[in-house]
Structures are given as C-alpha cells and as structure tokens.
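Here's the structure, in structure tokens; my notes come after.
The values are calculated or read from the model by the stated rules, or taken from the named source; none is laboratory data. Everything numeric here is computed off the predicted structure, so don't read it as measured data. Cβ sites come from the backbone with ideal geometry, for glycine too, and all protein chains shown count toward neighbours.
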Amino acid sequence: MSRIACKFGGSSVADASQFRKVRDIVRADARRRVIVVSAPGKRTKAEAKVTDLLYLCHDTATAHADLAAPFEALKGRFLEIERELGLTPRLGEELEAFRRQVTDGATRDFVAARGEYFSGLLMAEYLGAEFIDPERYVIIDPAGNVDPATYALLGDRLADPAPLYVMPGFYGRDHHGKVKTFSRGGSDISGAVAARAAGAGLYENWTDVSGLLMADPRIVDSPCHMDQVTYREIRELSYMGASVFHDEAILPVREAGIPINIKNTNRPQDPGTFIVPKFTESKYKIAGIAGKKDFAMICLEKSLMNKEVGFGVRVLGILANHGVSFEHCPSSIDSMSVILDDRQLADDKEELIIDELRRAVQPDRIEVLRDLALIAVVGEDMHNTIGMAARVFGALAEARVNVRIINQGASELNIIVGVSEADYERAVRALYAAFVNA
Ligand code: ASP
C-alpha cells in the first residue's frame, strides 16, 4: 500500500472547525500518512492571514514600534484553535518566547516560518502524529529551490510507513543552517517534497475549491471544471496566472511521476482535479486558458541584424547583468523583442538598460512598450490538431481584439498572444467561447 502525502492549505487550517475536517479526511483513508500544513489563512475576507501578521510583526519590530497589536492578533488565532480543540495548553509559553525572539531581531524568514511551525505543532498533537521540523530535513538553496539532498534526508526520516507524520510547510533551512522560506504559497512545494521523499503514490493538495477551472472565474462566467490535466499543462497554466497551485510545486513530484489531486477540504466527496504525468484525452482540445497583465516589451530593430553574430547574446547579456529575466523573445529578420515582467524595469532600470543597449548593439530603433497582457491557450492535444491557431486568431478578430504579439513554444503546448491590457478580459472571454462553447 503506497502512502498518500496530503498538504492542507491556509483555509483548511483557518480555525478549529477546519482542523476537525482535516482530522476526518485523514481518518477516512489509512494511506494518508504524511501531512503537511500551512499557517492558518483568513476566516473572513477582511481578516489577515497568519503569515501576513507575522511579516507585520517582523516589520514592526525592525522599526522599533509597538508589537502589541499584531502579536496579540496572532496569539489569539493560535490559542483559540488550541482551546477549541481541547488540547493541552502549551502554545502560550512558546508564543511568548517567540515574541522575545522577534524583539531580539529574529530574521524575517524565521518569523514568517513560525506560522507553519505553530500550525504543525497543533495539528500533530490533535492527530496524535509525529511532528517533523523541516528545519532539520528540508534544505533550500540560495535561489529558493529545493536542494536535492533533501530527498534522502527527509526520506530517511519518513522511512517507517507506520506512523502518521505532520510537517509544517513553507520553510526549511539554508546551506548555513538558518531557517529559510520558499516563496509565498510555498507549502505546496513542501507537500510535493514530502510526497517525493516518502515515495508516496499520490500527492493530495487540499484547498478550498473543488479543483481547477479552465479559465479565471472572475473573467469567464462559470468556466468548466478540469477533471484531468498534465504536469506540463498545469505548469504553463499556473505560471501564466492560474492560481490555486504554486507553479514551482510541480517539479519535485513530476520528476518522480507522482500524480497530484487537488481537493476541497469543505467538500471532500468531490473528485477534484487530477494532475497526471501523461496526457490521455481532452474534451475541448485545450486544457485551459490563463493570462497575466503587467508585461513590457523592449523592441529593437536593426537592418541586417540576422547577419550580426552575437546580437542576441549582447542584448540578453545586458539584461542578465541587471538581474532581469525575460519571458519570451520573439524575433524577425531585422528585429528582436524581449518580453518581461514590467516590474523589473522599475525605478531607473529602464533608462539604464536602454542606454546600455543603445551603446552595445546600436539599433536603428529601440522602444519600450508597456501595458501588455499575455494570454496562453494551453493543451497537449493542440499539436495534433489542425486549425487551432485559426480558431485563436479568428476568435480574437471577431471580438475586435488587436493581437500585438504571437508566440508558440517549441513544445507546441501553447499559443501565447499579447494584447493591450485594456483588451485582456474581452480576449480571454472570446478565446474561451471559441474552444469551450463552440
Ligand atoms: N503561509 C505561507 C503563505 O501565506 C505559505 C503557504 O501557505 O503556502 O504564503
């Protein structure tokens, strides 16, 4: 019997009643043996997530201001859960010790990670499980990625299949032994790491929706549910803005071929969405549509650019020297454009980069376009199907959307179009209708 690793997100551990649902879910299947938890999330729209309260505590302490308000709010959240679950009151003392650590200058990552830590302590006690502190077993490299040494280390700790384990998500330690967090939403990564280290047969990711939708429901009215989607498809979709699942969480399980099931803690009977290694079939030819705003494009034009050896290297080298990463790089015979997240051009970066590009490659024309949105139509089945591009561009033309960028990756897994931000929602609706309501 292979084990199931389960990650419960912030809304699944937001209060005592959610903890009870988690217990029922864990008890309902004896294979659920490795449990990873987030810090408590919001109970109401207006409330702060515990992780945000922790960042506030750290910032307040750094500014030498009074910590009382955020700290009391934080303490209240944990003590209420402890009390309502009837657990032995232990956390009060730990929380007071933590308050002293915050005032004494604990690092930002250490402070942020305590949300998951306290949540994990409560969950382990409530479920009668072994508590695993990821500070000892999860190693995070300087770029914020999982160090592969983690799998053996954590795998050894999880080797005995009998016990129930609870591990906090979101953090581990860096190469110097200091607590380090993943990026926001990183408990999804911890869950994937635990699934792989335990050799689990399935990674269940428990959240507050019954799986993934084919488009953003804030833009498209009641989009269809995805029953099944591949790793490659979901990586494209979540990178391009479909939230729910952290885009970096795919890699650890993908390398081990472990399927993921996105499930709803509030409706455990729903099948959710399966994220699987291999494509089998699709009803609509596409898996989904996702997109993001806030892109910029640096456009360079130069006659005979195609003959100039090293043109592209020089352009991308300048961006690299400024620590700027690019998303796409469409080109034509005499032009090259670089599309990037426009926050990377903030402050004086844009001017500096443009000046350097002018000097280094002496373009005939150089221009920066702003207010761009990118939309990806994603599906493994697309490359087998004639007329996909026609459908994309036909739908956009009919909706009177001007297409400013066209890009298709070598994998033919997606068609990406760039449109003005003002046309973004209209374009997504038109594309959705062309594939799903056709
Ligand atoms: N608690 C962290 C956050 O709010 C990590 C997580 O929940 O995945 O980002």
In the set 141, 109, 147, which member is within 16 Å of the ligand (Cβ to nearest atom), modelled with pLDDT of 95 or more, of a type in the set (D, E, K, R) and within 26 Å of residue 188 (Cβ to Cβ)? 109
Looking at segment 54-85 only, could you name the residues that are under 18 Å from residue 119 (Cα atoms) and out of contact with any helix residue (DSSP H, G or I) (no Cβ under 9 Å at 6 or more places or on another chain)? 72, 76
Going by what's in this entry, would residue 13 be described as within 16 Å of the ligand (Cβ to nearest atom), in contact with a Cys (Cβ under 9 Å, 6 or more places away or on another chain) and of a type outside the set (Lys, Arg)? no
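Under 23 Å from residue 421 (Cβ atoms), loosely packed, with under 12 Cβ neighbours inside 10 Å and over 28 Å from the mean Cα position of the chain (by Cα): is that true of residue 359 in this structure?
Against the criterion (under 23 Å from residue 421 (Cβ atoms), loosely packed, with under 12 Cβ neighbours inside 10 Å and over 28 Å from the mean Cα position of the chain (by Cα)), residue 359 does not qualify.
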Segment 1-11, residues that are of a type outside the set (D, E, K, R) and either over 18 Å from residue 128 (Cα atoms) or more than 23 Å from the chain's Cα centre (by Cα) (or both): 1, 2, 9, 10, 11
Considering only segment 126-161, how many residues are of a type in the set (A, V, I, L, M), assigned to a helix (DSSP H, G or I) and more than 21 Å from residue 253 (Cα to Cα)? 1
From the set of residues in segment 34-65 that are outside any helix (DSSP H, G or I) and under 16 Å from residue 105 (Cβ atoms), which is farthest from the ligand (Cβ to nearest atom)? 64
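For residue 106, state whether it is buried (at least 23 other Cβ atoms within 10 Å of the Cβ) and either in a loop (DSSP other than H, G, I, E, B) or of a type in the set (A, V, I, L, M, F, W, C) (or both).
In short, no.
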Members of segment 299-328 found to be loosely packed, with under 15 Cβ neighbours inside 10 Å and within 18 Å of residue 372 (Cα to Cα), listed by number: 325
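Quickly run through segment 14-44 and pick out the residues that are β-branched (Val, Ile, Thr) and under 26 Å from residue 1 (Cβ atoms).
22, 25, 26, 34, 35, 36, 37, listed by residue number.
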Selected residue [under 18 Å from the mean Cα position of the chain (by Cα), surrounded by fewer than 16 Cβ atoms within 10 Å (Cβ to Cβ), among the acidic types (Asp, Glu) and farther than 26 Å from residue 290 by Cβ] from 141, 160, 156: 141
Which of (1) in contact (Cβ under 8 Å) with a residue 40 or more places away in the chain; (2) within 16 Å of the ligand (Cβ to nearest atom) is the odd one out, the single condition residue 4 does not satisfy? (2)
For residue 389, only one of the following conditions fails: (1) under 20 Å from residue 223 (Cα atoms); (2) in contact with a strand residue (DSSP E or B) (Cβ under 7 Å, 6 or more places away or on another chain). What is its number? (1)
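Suppose we keep only residues that are surrounded by fewer than 16 Cβ atoms within 10 Å (Cβ to Cβ) and touching a residue at least 12 places away in the same chain (Cβ under 8 Å) within segment 342-353. Which one would you say is farthest from residue 317 (Cα to Cα)?
343
Taking the stated definitions as given, is residue 127 within 16 Å of the ligand (Cβ to nearest atom) and within 13 Å of residue 35 (Cα to Cα)? Don't jump to the end; show me each part of the working.
Values: within 16 Å of the ligand (Cβ to nearest atom): no; within 13 Å of residue 35 (Cα to Cα): yes.
Against the criterion (within 16 Å of the ligand (Cβ to nearest atom) and within 13 Å of residue 35 (Cα to Cα)), residue 127 does not qualify.
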